[in-house]
Amino acid sequence: MIKENMEFLRAADPELGDAVVSEWQRQQRNIELIASENFVSPAVLAAMGTVLTNKYAEGYPGKRYYGGCEEVDKAEELARSRACALFGAEHANVQPHCGANANLAAFLAFANPGDTVLGMSLANGGHLSHGSPVNISGRHFNIISYGVDNDTHRINYDEVHDIAMKERPKIIIAGASAYPRVIDFARFAEIAKDCGAALMVDIAHIAGLIAAGLHPSPVPYADVVTTTTHKTLRGPRGGLILCPEKHAKVIDKSIFPGSQGGPLMHIIAAKAVCFREAMQPEFKAYQQKVIDNCATLADALLAEGFDLVSGGTDNHLCLVDLRNFNVTGKEMQHRLDEVRITANKNAIPNDPESPFVTSGLRLGTAAATTRGLDGEDMKHIARLIRLTATDFDNKKEQIAAEVGEICAKYPMYEG
Ligand code: DSN
């Protein structure tokens, strides 16, 4: 069906159809190690391609600004109730178009422009929408940051506490895009309580692990939890907000009419499908494999001579410090692209290089694990990454051929 749909599209619009088919082929022949990506199920893919895209439904189920919303109400109710059940939350808003929109809504709910917000710095693993000067969060709020400990590369909770007591932020943000270790949300909640801040937790990267019970959940502690739905959670590209009932009204208002217009009902339907999938026992087994594969990859990279930020990983990603191999993150990303391993350059703590160059490489196992890759493949990939760093010019054809052999074992979306 997936192939048939692509052929249908290609017949209707050859230029666009060609690009879609080429992207599918790229996904087939590359090893995907971008920590924020995944491959959705055929059911999630199907939900995104439904007639629900035709419907305007500003408002919320039972209280819309348009007629004819009976069926999309059902879809949104399913998504909301499943999100609550999956994460043990009292309230869910499934309308954010993306994680950054979910974060903006959380800012609007708990702070006013000019108020102080404390988040993890981008340079130490935080996210653009947690207060970067080039993002609306950094332009409209007074952002102060915490980083990681210089030696352990872990969050120093005592330091976060000191900063929070001195600066008295309105919001404290926990959560990161490049932090390979468990985050102590209970400790963050104590800090927020001590300084009178709201606690916002962005679980975009680890939502799947949390849903599976393999990382502690922030839901019992946070005033608001934001996430994307497409990373480890393996749903459609989009956002989600969870909160206690006492904050439901202010959160809903911050999304609509506060910062968004019409919800994307076909994407909300796909979120409902994703949440149902995430409640199945197979999903927990999948998340355990993601963690196991990442641990194996990290150990193998260490054995190949690489340094890892924080020395290893507890979750789905690891961050390689490339400096002892005398190659930058930018150059390594480029070389890996050539041998069809897809990853991204990433700043490491106290990176001497600019954010466009970087000294690090972020690797994640969520997508490759969905595809079926196992521990032996991870060890093989670590060896190929070492060859890419040390002997690229001589070995690039050989590396690309070995990548091709791995990919051929795990075809995708063939049905
Ligand atoms: N861009 C995502 C990532 O790669 O981590 C975060 O939104």
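Observations, loosely collected:
- Solvent accessible area, Å² - Phe39, 1.4 Å probe, full protein context: 20
- With 31 Å as the limit, the listed pairs Lys193/Lys253; Lys55/Lys193; Lys284/Lys409 have Lys55/Lys193 beyond it between alpha carbons.
- Rounded D (µm²/s) - the stretch 166-211, Kirkwood Rh over Cα pairs, Stokes-Einstein at 25 °C, 0.890 mPa s: 216
- Here, the stretch 207-297 has an Rg and a Dmax of 14.8, 46 Å when only alpha carbons are counted.
- The stretch 3-72 - Debye-derived log10 I(q)/I(0), Cα point model, q = 0.15 Å⁻¹: -0.74
- Rounded to the nearest 500, the helix-only mean residue ellipticity at 222 nm of the chain stands at -14000 deg cm²/dmol, with each DSSP H run of n ≥ 4 adding -39,500 (n - 2.57).
- Portion, in percent, of the accessible area of the stretch 325-415 that falls on carbon or sulfur, probe 1.4 Å: 47
- For the stretch 140-179, alpha-carbon Rg over 2.2 N^0.38 Å: 1.22
- Kyte-Doolittle at least 0.0, axis length at least 30 Å by Cα - qualifying DSSP helices, the chain: 281-303
- Computed with every protein chain present, the accessible area of His266 is close to 30 Å² [probe 1.4 Å].
- The spread of Cα positions in the stretch 259-347, taken along each principal axis and listed from longest to shortest, comes to 48, 33, 27 Å.
- Eigen-decomposition of the gyration tensor built on the alpha-carbon atoms of the stretch 296-395 gives equivalent ellipsoid semi-axes of 19, 16, 13 angstrom, largest listed first.
- Rh by Kirkwood over Cα pairs, then Stokes-Einstein D for the chain at 0.692 mPa s and 37 °C, µm²/s: 149
- Evaluated at q = 0.15, 0.16, 0.19 Å⁻¹, the base-10 log of the normalised Debye intensity for the stretch 44-199, with identical point scatterers placed on the Cα atoms, takes the values -0.89, -0.96, -1.15.
- Residues of the stretch 131-208: accessible area per residue with a 1.4 Å probe, Å²: 42
- The residues of the stretch 222-295 expose on average 36 square angstrom of accessible surface per residue, using a 1.4 Å probe on protein heavy atoms.
- In the context of the full protein assembly, Glu23 retains an accessible surface of approximately 70 Å², using a probe radius of 1.4 Å and ignoring ligands and nucleic acids.
- The fraction of accessible area contributed by carbon and sulfur in the stretch 147-306 is 50 percent, rounded to a whole number (1.4 Å probe; ligands and nucleic acids excluded).
- Listed peptides 236-242, 121-127, 282-288, 83-89 by packing density, highest first (mean Cβ within 10 Å): 236-242, 121-127, 83-89, 282-288
- Average projected area [Cα convex hull, the stretch 93-135], square nanometres: 3.5
- Computed with the Debye formula from one identical point scatterer per Cα of the stretch 302-347, without solvent, the log10 of I(q)/I(0) at q = 0.14, 0.20, 0.21 Å⁻¹ comes to -0.34, -0.70, -0.77.
- Whole-angstrom Cα spans of the stretch 1-126 along principal axes, big to small: 51, 47, 29
- Over the stretch 265-394, Cα pairs under 8 Å with separation of 6+ residues give a relative contact order of 27 percent.
- Tensor-based shape of the stretch 165-265 (alpha-carbon gyration tensor, a/c under 1.5 rounded, otherwise prolate or oblate): oblate
- Diffusion coefficient, µm² s⁻¹, Stokes-Einstein with Kirkwood Rh over alpha-carbon pairs of the stretch 128-210 at 10 °C and 1.306 mPa s: 118
The values are calculated or read from the model by the stated rules, or taken from the named source; none is laboratory data. All values reported here derive from a predicted model rather than from experimental measurement. No Cβ is skipped: glycine too gets one built from the backbone with ideal geometry, and neighbour counts run over all protein chains shown. In case anyone asks, the SASA skips ligands and DNA or RNA and just uses the protein heavy atoms, side chains included. Shrake-Rupley method; radii C 1.70, N 1.55, O 1.52, S 1.80 Å.
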